[in-house]
1. Would you confirm whether any residue within the range 56-71 is out of contact with any strand residue (DSSP E or B) (no Cβ under 6 Å at 6 or more places or on another chain), at pLDDT 80 or above, open to solvent by less than 90 Å² (accessible area, probe 1.4 Å) and of a type outside the set (A, V, I, L, M, F, W, C)?
2. Restricting attention to the range 1-21, and to residues there that are among the aliphatic types (A, V, I, L, M) and in a loop (DSSP other than H, G, I, E, B), which single residue is least open to solvent (accessible area, probe 1.4 Å)?
3. Would you be able to tell me the number of residues in the range 27-42 that are open to solvent by less than 70 Å² (accessible area, probe 1.4 Å) and modelled with pLDDT under 90?
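The values are calculated or read from the model by the stated rules, or taken from the named source; none is laboratory data. Keep in mind it's a predicted model, so treat the numbers as computed, not measured. Here the Cβ positions follow ideal geometry from the backbone for every residue, glycine too, while neighbour counts run over all protein chains shown. Keep in mind that these areas ignore ligands, DNA and RNA; they rest on the heavy atoms of the full protein, side chains included. Shrake-Rupley method; radii C 1.70, N 1.55, O 1.52, S 1.80 Å.
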Amino acid sequence: MNCFDCTQERKNVPAVAICCHCGTGICAEHMVLTTEEVHHDVGTGPSWGKRSARRATCRTCGGAEHEGPAA
């Protein structure tokens, strides 16, 4: 699978990840990689894990995620 954004730029670059929101193939250049705590619904114990998880998104979804609410 090739990077969707690179294909739009008429380049042929292999994807190294899949966007966790839209499922688009993304290369390292177009990937937004973040880490965040993993939350679990449990009884009265802690609701987050001890380690953070990686999350890969394309620039479109990553930008939309970090943009404020619609006015």
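1. yes
2. Ala15
3. Total meeting the criteria: 2.
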